[in-house]
Amino acid sequence: MADGTAQPAGRIPVQPLPRPIRCTAEGSAARYRVPREEVEKYSSACTLSDMEIFIFPDLLYALVLANLMSPRVWEWRNDPWFERLDRMSPVRRLGRLRQFIMDHYEFNLDLDTWGLTTKERELARFREFMDEATIARSNALFGYEGDRYYFDMDIRRHFGLDKYEGNVIPYWKTETVEAMDAFRFKPGYSTGAGECVSLSTLYAVAMFLVAGIPLEDIFLIGTPLHSQNFVLVGDGVLTNNRRLLTRTMWFNGTELSYKAQRALRHEQVTIVAHVTGWIHCVYPVATIDPAQYEQFARSLRKFLHVPITMDIVLNFLRQYPDRQRCFQLRHVRHGRTMYIPAEVVYHYEHSSPCRINDASRERLLNEIDDDEFYPLPIPGRILLDDIEAVFRHAVDPRRIDEVRCLLEQFGCEKLMTSGALDDLIAFAHIEPRLPREVGAPIEWKRYPVLPLRPDMLREEVLDLLARLRAEHPVADLAWYAYRDLSATDWLPFVKAAVERSPVSIAGAEGLDDLAVEACLREWPDESIYDGPRCAQPDEVWNYRRGDGLEKALGLLNVLAVRHPASEFDLEVHPDHVVLSGAGHRSVWASSKGLRGLIQLGPAAA
């Protein structure tokens, strides 16, 4: 396969054998050394797979900070789309930002994008950090399926996981903003793209930099199958991939809102990440500020709860079309009182800006064709107009007896026997399954404060994160997620490159060594990262471009798998690199300005 695609689903991927890696960087990078016991975590900051973030929760906010360091989102501030943004309310600012993201990014759920691995390999890799049973309970790649009725279908089939047979699973990697933007270079894409974690971290940075929302008000929520943000603006705002939902939208009963609810309805929240730290459903230690977490939990619960009013009942019927058949509406048409099935009115909503449950109802009914109406009440149906007249007060959905009495007033036996009580309560009240909340047995470990403000300059942000690296683990990891080889130990980056880059290995199948080199040389000598920041081999292969250093690393990744007994040297100079080993020698022009040596020993037997 020389087309740059990953291995076919179900096929056992080629797994690189372990090799001793030695990296000697010169210049400022020489100051940094990651302790041996931390190499796996720091290496994971360079690949940011779903599994890696689950095991190492520091990584989720490290990606937020890496995107904050990047010049990409800072450039958005100068886009004409955001002119006069400061004159808008916070909610309107977020709406403006949402449209920008909708226009510039697609939601990508192609699990083959970053290639395949095996369950055994990943379990062995993380065995010292978490046991297999815990991983299987909490991670979609290892059999987790969420609630039995989540999506009303097999969740692994919905996400395409069922096509991976036996021990084969996809790498479910998160993209930096540069990798998201680079999707436009992939066949079939005309804009940027990213999966849910990529979009949630991008949103967090954009809300801070562009919309001026303090990071203290933004919480990232990770579940086994999804990632989204909860923002303390107004009554709360929830991100869902590219979209935003206010509390009013959450309960409007539309298909989009229902889809956005599925993770919080049916899944355990595994991670909540915040500028003050994180809390995880497995680990007995949390680094998030307890007061901030308590405020988050309280605000989220308020967002997910609404008293049952007539308006909520009508929204409930919108979400449950089968229950609409119990109701009808009355309408005076041409001086005559007419009647119409509720499901017909809801159907006409789809093509109209009017709604059945606001002041535009009369206009909606006037838009409906005459032949949809009946001259007499429809037998066996409840008249919604009469219910509205007697609906005196809101009902707390947690008071089950009061909700039951409310439905009994409707006088429809069919409605009472078809599960409407449970469905209405569930519609109006969701109890999120959050990680160990304040008061539970847990050790609260505090990270230093990150005093980041929306009015700071990018240079101030970089300087702050550089100064805090020695004392703040997430700030230090951010530089590795940022991929700056002038300010990081090279070992974690190289380890990620030669151990977790299956797309380039699969893409090079069918090509001999010289043909792989020729293929790489045909692509533009253009990195997706600026300055001394570097792409991983699979980013080079997916986007078909790269600096000479990045291309040489890509070739090294392929050769190291093909020639396990050979040693390899990659001499890095400011303007060129030299790769040698397995009878191969090639020189590549580079503009990364780096200097050092990368050495791979023979693979372990």
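A short reminder: the numbers here are calculations on the coordinates, not readings from a lab. Here the structure is a predicted model, which is why all the values come from computation and not from measurement. FYI the Cβ positions are ideal-geometry reconstructions off the backbone, even for glycines, and counts take in every protein chain you see.
See the values below:
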| quantity | calculated |
| --- | --- |
| Stretch gain in nm, segment Ala466-Arg330, where the contour uses 0.36 nm per residue and the Cα spacing is subtracted | 42.2 nm |
| Cleavage-rule hits (trypsin sites (Lys or Arg not before Pro)) in the stretch 433-486: DSSP loop, at most 16 neighbouring Cβ within 10 angstrom | Lys445, Arg446 |
| Euclidean distance between Cα centres, the stretch 537-605 to the stretch 225-283, Å | 42 |
| With Cα atoms, 0 to 90° folded angle of helix 490-499 axis to the chain main axis | 70 |
| As computed over the stretch 209-314, the Cα convex hull volume per residue (Å³) | 112 |
| Residues of the stretch 324-346 with amide N under 11 Å of a point placed 7 Å along Cα→Cβ from Asp370 | 334 |
| Nearest-ten-degree value, helix 255-266 long axis tilted from longest Cα axis of the chain | 70 |
| FRET efficiency estimate (nearest 0.05) - Cβ-Cβ, Thr309 to Glu216, R0 35 angstrom | 0.60 |
| Spin-label model distance (nm) - Asp110 vs Glu38, 7 Å beyond Cα toward Cβ | 3.7 |
| Listed peptides 261-274, 285-298, 230-243 by packing density, highest first (mean Cβ within 10 Å) | 261-274, 230-243, 285-298 |
| In the chain, lysine pairs with alpha-carbon atoms under 26 angstrom apart (chain gap of 8 or more, or interchain) | 24 |
| Gyration tensor (alpha-carbon) shape descriptor, the stretch 310-425, a/c threshold 1.5 | prolate |
| Ordering of 530-543, 94-107 by packing [mean C-beta count within 10 Å, highest first] | 530-543, 94-107 |
| For the stretch 1-116: rounded, prolate or oblate by the Cα gyration tensor [a/c cutoff 1.5] | oblate |
| Separation between Cα centres of the stretch 471-511 and the stretch 69-107, rounded to whole Å | 30 |
| Sites Ser28 and His576, calculated FRET efficiency, Cβ-Cβ separation with R0 22 Å, nearest 0.05 | 0.65 |
| Distance between the stretch 169-214 and the stretch 289-352 - C-alpha centres, whole angstrom | 33 |
| Cα long-axis angle, helix 58-69 against the chain (0 to 90 degrees, to the nearest 10) | 80 |
| Linear extension gain, His347 paired with Asp423, 0.36 nm per residue minus alpha-carbon span | 25.3 nm |
| Length added when fully stretched, Lys302-Leu511, from 0.36 nm per residue minus Cα-Cα | 69.4 nm |
